[in-house]
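Just so it is clear, none of the values below were taken in a lab; they were calculated from the coordinates. As the structure is a computational prediction, the values presented were derived from the model and not from experiment. Note that we place each Cβ from the backbone using ideal geometry, even for glycine, and neighbour counts take in every protein chain shown.
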Amino acid sequence: MKKSLVICGLLILVMGMVAGCLGSKTPPISRPPAPAVLVDYFRTGGFAGFNDRLVIFDNGIAVVSSRSINHEIMLNQTEITHIAEIFNTSQFSILEGNYSARPGSSDLIKYSVRYQNKTVNAEDTALPSALQPVIDELNRVLTLGVGVEPTSSLASNLPR
């Protein structure tokens with residue numbers, strides 16, 4: 001009888017193990033890759049006390065934040081291409097990393113622009129002319145989210 005119980009117990013154990021192996025596997029869920037950051041732009045300081053950030057992703061989503069607003073806007077492919085062209089035309093990749101104003105300057109706006117793993121930091125009175133179209137375009141996109149006018153008169157001449 002003991003032998004029968006042991007055999008019965010082993011048989012139940014083996015059947016349980018085999019039944020567990022017959023279960024179906026859940027296929028892995030395929031998720032699209034996370035969007036990459038195309039542009040990361042900060043604008044701080046100045047008489048108006050800016051503290052704005054614009055992050056543009058390669059899928060066209062742009063996140064705008066300021067002291068009182070966090071907003072998401074969608075840029076179309078034409079706008080993304082236009083932004084990339086402005087960076088290329090300005091030869092952003094060969095600009096220096098820092099452009100500082102002379103000591104004692106006050107109420108300046110400071111800019112930090114990151115594009116394709118390169119960051120350029122600049123202040124109002126030290127902006128190189130090649131960087132001005134980049135700043136103007138990013139300010140224009142930034143204003144789409146915060147609802148204020150661009151800070152530069154050049155921005156109003158850019159295509160929209």
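Remark: segment 89-106, residue by residue, has Karplus-estimated 3J(HN,Hα) of 4, 6, 6, 3, 5, 9, 5, 5, x, 9, 10, 9, 6, 5, x, x, 5, 10 Hz, where x stands for each Gly or Pro and the curve is 6.51 cos²θ - 1.76 cosθ + 1.60 at θ = phi - 60°. From least to most packed, judged by other beta carbons within 10 angstrom and beginning with the fewest, 110, 118 follow the order 118, 110.
Less than 5 angstrom separates the built amide H of residue 130 from none of the residues sequence-distant by 5 or more or on a different chain.
When the inverse distances between all different Cα atoms of segment 19-101 are averaged and flipped, the Kirkwood radius reads 16.4 angstrom. Phi-derived couplings, Karplus 6.51 cos²θ - 1.76 cosθ + 1.60 at θ = phi - 60°, listed residue by residue for segment 50-63: 4, 8, 10, 9, 10, 10, 10, 9, 5, 8, x, 6, 10, 10 Hz, with x used for Gly and Pro.
Take the Cβ atoms of residue 81 and residue 47, set R0 to 30 Å, and the FRET efficiency comes out at 0.30.
Spin-label model, residue 121 to residue 67: label points 7 Å out along the Cα-to-beta-carbon direction sit 2.2 nm apart. Report the extension gain between residue 96 and residue 144 in nm, rounded to one decimal, defined as 0.36 nm multiplied by the number of residues separating them, less their alpha carbon distance. Result: 14.4 nm gained on full extension.
Scaled to the globular estimate 2.2 N^0.38 Å, the Cα spread of segment 37-157, given as radius of gyration, is 1.00.
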